[in-house]
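The block underneath contains the structure these notes are about, expressed in structure tokens.
Readers should treat all values here as calculations from the given coordinates under stated rules, not as data from a laboratory. Fair warning: this is a prediction, and the values are worked out from it, not measured in the lab. No Cβ is skipped: glycine too gets one built from the backbone with ideal geometry, and neighbour counts run over all protein chains shown.
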Amino acid sequence: MAGKQVQVRFCVPDLQKERANCSFNKEEITNIFDGGEHNTETRRKLQNIIFSDPNLQDPIPPDYMSHEQRYENELRKAVYVMKKFMTDPQLQDIGGGPEAIKWMYNSILRHAIHKDGNPLMLHFGMFLGAIMGQMSEEQQAEWLPKAMSGEIIGTYTQTELGHGTFLRGLETTATYDPVTDEFIIHSPTITATKWWPGGLGKTSSFAVVMAQLHIRGQNYGPHPFVVQLREHVTHASRPGITVGEIGPRLGLNSNDNGFLRFDNVRIPRTNMVMKHSKVLKDGTYVKPKSAKLSYGVMVLTRVGICYDVCWQLMRATTIATRYAAVRHQSELEVGEAEPQIIEYQTQQYKVLPMIASVYAIWFAADTLRHTYMEVQKNINKGSDLDLLPELHASSCALKALFSTDVTDGISVMRLGCGGHGYLASSNLPRIYTSTTPSQTYEGENTVLWLQVARFLIKSFREASKGGRLQPSVAYFKNHQTQTRRITDLSNSGLVSGYERSVLSMLEAVAKQLQQYSEEGMRYEHAWNACSVRLVNVAKVHARYIVCDQFVKALAKYEGSSGVRQIMDQLCRLYMIYSVTNDQGILLKSGALTPDQCNLLEEELGELLAALRPEAVNLVDAFDLHDEVLDSTLGAWDGDVYNRLYNEAMKSPLNKVDVPDAYYKYLQPLMKSNL
Ligand SMILES: CCCCCCCC(=O)SCCNC(=O)CCNC(=O)[C@H](O)C(C)(C)COP(=O)(O)OP(=O)(O)OC[C@H]1O[C@@H](n2cnc3c(N)ncnc32)[C@H](O)[C@@H]1OP(=O)(O)O
Ligand SMILES: Cc1cc2nc3c(=O)[nH]c(=O)nc-3n(C[C@H](O)[C@H](O)[C@H](O)COP(=O)(O)OP(=O)(O)OC[C@H]3O[C@@H](n4cnc5c(N)ncnc54)[C@H](O)[C@@H]3O)c2cc1C
């Protein structure tokens, strides 16, 4: 929606009724997602400043803009916000610290201001991420101030036309020339063309480029280098650089995703990103502690994606839940008034488990973030990297699980809004198209599941030998002594059911791998022949992690009893929703019996009924401003039909009663048929 209306505290009677009785303190829940009372206050202040600024309004709804207009409009806003953030005393006063920046870019800007991609997103995400996480202190001192001030704008260019997943297959080369103390960056083939990076097409003047490091004829594998792409001031592409935009995509069309080719471009040796590995002047290669440390920006971004998709799910559930309370359709009893569609159990089953999923994702993402920070601390201290495999496996597992769950969940929310959910003005289509690429970028999900499976199989073998296990697979240690069946259907019983199912699946697939090997198949081929089963077990392990974290987070919760009670119900709903969806797996592994599944299904129905009266209050507690929702169906006031009608009036086709196209095409046809 184009207009920036002030949030009016009027709401339609249906929503008034829903909000009249709330069993818990909504503000306490808002504080959980903001990370504390003070943060909620700061976020709201930021929102007020940003949303009341006329410079951040769209002149016309972006859906009616051309490709170029969209790009220009988003770039205008992105640059304006960057400057405002650096200079506006109001923003300085409320503290522009890291937390504030996080909300600005993730929630307020990403969702409200930049509706379909932000040309500076990769600059603030991965370019700055690479500088801060991958550069030496001296390099940071040189590059960080320039990047923070906007003197240079950068992106992260790794993927090529020929290779995205298989990093070792990248073809761009960085060849060291000891005579001039430079690297020569080159794209030897068409498939070496960098392809996809956000902000690359027209925005970035610099890029972190992943290229194969060659020294004296030896290839040391992919490493990151900083390369200048465009001249200062004129912004013209530099000699030897061919760069442009890759054209329209399913979504995120304002983000000028680009292509890039190098024709023997020379950069100083010191432009190699050198926190972990180094090349000395004489060409000596200094090895990192782990070759995978140069993949660190990807790990950080995978953690970020878990939160990002969670915010998207908050938006989609808020829209669909409010709409379900406002929309009336059909009859529950013949002759009675049409009920709110949220009275239908099937509708409750669409929205309530997704609301519960928001909490599940949030708590698991938070634990993952802490693991990331722990590993980062150890890297900086130069101590051991013991937790690195755990971080890699968990970040792959949760990024893959959450991006899939949320994309599917948004689709269910759209369907839950019937035909109106298909309208752009509901914002559900755009929330969907902005979320679904997270299943592909930062590691295609199937590929990430296989990374998780690799870790599980290794750990399973380790457990059989009584070896040391990483925290997320500590439960493997009991696998040989445990009976499969669970007797208790409490949350911890169900978590245990997942553990046993993972172990049973692993046992089966490890046996199959072994059998193939004994039959003479090479391990890699045996792995491929088992990979559907391997992906399946990785998914179940990921679900186990999330269920386990949800239960653990609540055990530690020290807030009010009202919030505690509602979160307990949501946790229970998430557990039963997950287990009943996976019941085939839990039955097959012998963890559950059909009678137990029936009991859980009964309880699911009871939980939906118990949570139904709180549905609107629960999404209100996410505290998403109307500008963040940007939806005719989900606004706080529930004035759905007026909003739908008013949005339709903005269609350029409605400017005139009879469009020119009629006179050009239809009139001649219709006349000739007279
Ligand atoms: C809002 C957000 C905006 C986002 C914008 C999106 C930006 C992008 O998309 S940027 C591009 C992202 N690209 C990708 O993610 C590419 C995905 N591919 C990869 O990560 C890797 O190549 C991968 C993991 C698939 C395979 O790597 P490869 O070097 O072949 O490793 P592989 O041989 O399978 O494994 C070697 C070992 O390294 C480990 N390893 C692999 N990656 C990592 C890592 N990142 N950290 C730690 N260990 C790792 C493996 O676990 C394995 O360990 P072990 O031998 O002990 O079992
Ligand atoms: C919106 C968007 C933004 C992006 N932004 C950036 C960016 O800023 N910078 C950047 O560098 N890149 C970016 N990318 C690229 C992205 O990271 C890659 O597309 C992604 O890593 C997947 O790689 P691919 O395209 O090569 O897919 P492929 O690997 O070719 O995948 C195709 C199919 O092959 C399967 N497959 C591949 N390998 C295996 C395997 N080993 N085992 C089993 N199956 C396999 C996959 O599962 C998939 O089904 C972006 C992509 C998108 C869509």
Subject >> Test set (1) assigned to a helix (DSSP H, G or I); (2) out of contact with any Cys (no Cβ under 8 Å at 6 or more places or on another chain); (3) touching a residue at least 24 places away in the same chain (Cβ under 8 Å) - residue 524 fails condition number >> reply: (3)
Original post:
Identify, please: which residue in the range 427-478 is within 30 Å of residue 253 (Cα to Cα) and of a type in the set (Val, Ile, Thr) and is, among those, farthest from ligand 2 (Cβ to nearest atom)?
Top reply: 431
Original post:
Which of (1) closer than 25 Å to residue 293 by Cα; (2) touching a residue at least 12 places away in the same chain (Cβ under 8 Å); (3) more than 31 Å from the chain's Cα centre (by Cα) is the odd one out, the single condition residue 228 does not satisfy?
Top reply: (3)
**OP:** Find the residue count for the range 199-232, including only residues that are away from ligand 1 (no atom under 13 Å from the Cβ) and in a loop (DSSP other than H, G, I, E, B).
**Re:** 10
Subject >> Which listed residue is within 16 Å of ligand 1 (Cβ to nearest atom), more than 18 Å from residue 130 (Cβ to Cβ) and either surrounded by 14 or more Cβ atoms within 10 Å (Cβ to Cβ) or more than 35 Å from the chain's Cα centre (by Cα) (or both), from 252, 280, 260 >> reply: 252
Subject >> Among (1) touching a strand residue (DSSP E or B) at 6+ places or on another chain (Cβ under 7 Å); (2) within 16 Å of ligand 1 (Cβ to nearest atom); (3) closer than 12 Å to residue 259 by Cα - the single one residue 196 does not satisfy >> reply: (1)
Original post:
Is it true that residue 458 is of a type outside the set (S, T, N, Q), over 30 Å from residue 327 (Cβ atoms) and more than 11 Å from ligand 1 (Cβ to nearest atom)?
Top reply: no
Subject >> Subset of the range 303-327 (residues that are more than 8 Å from ligand 1 (Cβ to nearest atom), in a helix (DSSP H, G or I) and not aliphatic (A, V, I, L, M)) >> reply: 306, 307, 310, 311, 312, 315, 317, 318, 321, 322, 323
Original post:
In the range 351-385, what residues are within 21 Å of the chain's Cα centre (by Cα) and hydroxyl-bearing (Ser, Thr, Tyr)?
Top reply: 357, 359, 367, 371, 372
Original post:
Just wondering, is there one or more residues in the range 277-297 that are hydrophobic (A, V, I, L, M, F, W, C) and within 13 Å of ligand 2 (Cβ to nearest atom)?
Top reply: yes
Original post:
Hey, does the range 386-398 have a residue that's within 9 Å of ligand 1 (Cβ to nearest atom) and under 14 Å from the mean Cα position of the chain (by Cα)?
Top reply: yes
